[in-house]
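This report refers to the structure that appears directly beneath it.
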Amino acid sequence: MISVPLIWPMQAVIYRSDQDSTWSVDPPGDLDEGFDPLLREPIIYRDPVTTERESARQELAAVRVPCQVETAKTEDLQQIVVGDDPVTDEVLVVSRPDLKWLGLVDLTTGNNLLKPGDRIECLEKYRMPGTVVRTYVKPLYIYRIVAPRSQGFGEDGYDLELIYTAHRRAS
């Protein structure tokens, strides 16, 4: 069995969304739940004391996922009107054996437990927790996860998954 390794690994610090806890949040005002079923996202409300905008979003503990960061070509980045914005063009490549080792694969279905809407806090050096390489000023979320089929690599036909990122949560 051939396994495909990551070439230049880093660690993505990912906070998985906890939807059950988000539903149970009781924000001030008329709302009884912290999750909006119509918009499929956590409720945003004003704190009655500070009047700051708050989110009812609840998250699980951070998980450090080994990944390889892929960005768009320089020519593509130069076409952005505002300037170089590589964050919107980042793709994280993760290894399924790493996900299994971290307990992020459902053993009955084989599905990845990372989901659209999970928040990426920062990138760290591989196997060096706390050594931050990049932080994100605007929140960065998982937008979509794709499992490309390869030529027989891994026990189920593929070893790598692609995580597309965006600054807005995917619904």
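The values are calculated or read from the model by the stated rules, or taken from the named source; none is laboratory data. On a predicted model such as this, the values are computed, not experimentally measured, just so you know. Ideal geometry is used to build each Cβ from the backbone, glycine not excepted, and the neighbour counts take in all protein chains shown.
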For TYR164, the lone unmet condition from (1) modelled with pLDDT under 90; (2) surrounded by 14 or more Cβ atoms within 10 Å (Cβ to Cβ); (3) not in a strand (DSSP E or B) is (3)
Given the criteria at pLDDT 90 or above, of a type in the set (A, V, I, L, M) and under 18 Å from LEU160 (Cβ atoms), does LEU6 qualify?
no
Residue hits (the range 102-133; surrounded by fewer than 15 Cβ atoms within 10 Å (Cβ to Cβ) and farther than 17 Å from ARG16 by Cα) are LEU107, THR108, THR109, GLY110, LYS125, ARG127, MET128, PRO129, GLY130, THR131, VAL132, VAL133
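State the number of residues belonging to the range 45-71 that are part of a strand (DSSP E or B) and exposed (fewer than 10 other Cβ atoms within 10 Å of the Cβ). Talk me through it step by step, then tell me what you get.
Restricting attention to the range 45-71, the residues satisfying the condition of being part of a strand (DSSP E or B) are 45-46, 53-55, 59-70.
If we keep only those that are exposed (fewer than 10 other Cβ atoms within 10 Å of the Cβ) too, we end up with 53, 61.
Total satisfying the criteria: 2.
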Looking across the range 73-96 at residues that are farther than 17 Å from LYS138 by Cα and crowded, with 16+ Cβ neighbours inside 10 Å, the single one that is modelled with the lowest pLDDT is ARG96
By residue number, the members of the range 109-127 that are modelled with pLDDT of 90 or more and assigned to a loop (DSSP other than H, G, I, E, B) are LEU113, LEU114, LYS115, ASP118, TYR126
